[in-house]
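What follows is a short report on a single structure.
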Amino acid sequence: MSIKFIHRSVAATLGVTLMLTAFAVPAAQVAVASVSAAQPDDAAISQQIAAVISADQRIRGTRLEVSTSRGIVSLSGRVETVAMIYRTIELARRVNGVRAVNDDGLIQASY
């Protein structure tokens, strides 16, 4: 009876070890995947937002300033309508790496 007990405990320990090993491999793969999918740098984010805004039919021709710090985008400049403000914010939020958009610098021009 004691031999069966030892045998069962060894098998149980081996089973736990194998289970832990099986779970450790996917965790290591996840860690590698998250490191390789790094956030774009702030300059790249600003450039991409500027490109998207200049290509948009509704906003094209508007002079806007775009700056980014740690994924937080600040937009400034004058636009003709409130709808253009909302469109600019929407486009900026779609860019990969943007964590937040500060639109305090966007002003509707009064003519």
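Bear in mind these aren't lab numbers, they're just calculated from the coordinates by the rules spelled out. Note that the structure is a prediction, hence the values are computed from the model and not measured. A quick note on method: Cβ atoms are made from the backbone with ideal geometry, for glycine too, and the neighbour counts reach across all protein chains shown.
Annotations for the structure displayed:
- Label-to-label distance for ALA109 and TYR86 is 2.1 nm, based on points extended 7 Å past Cα in the beta-carbon direction.
- Cα-based convex hull volume of the stretch 42-108 per residue, rounded to whole Å³: 67 Å³
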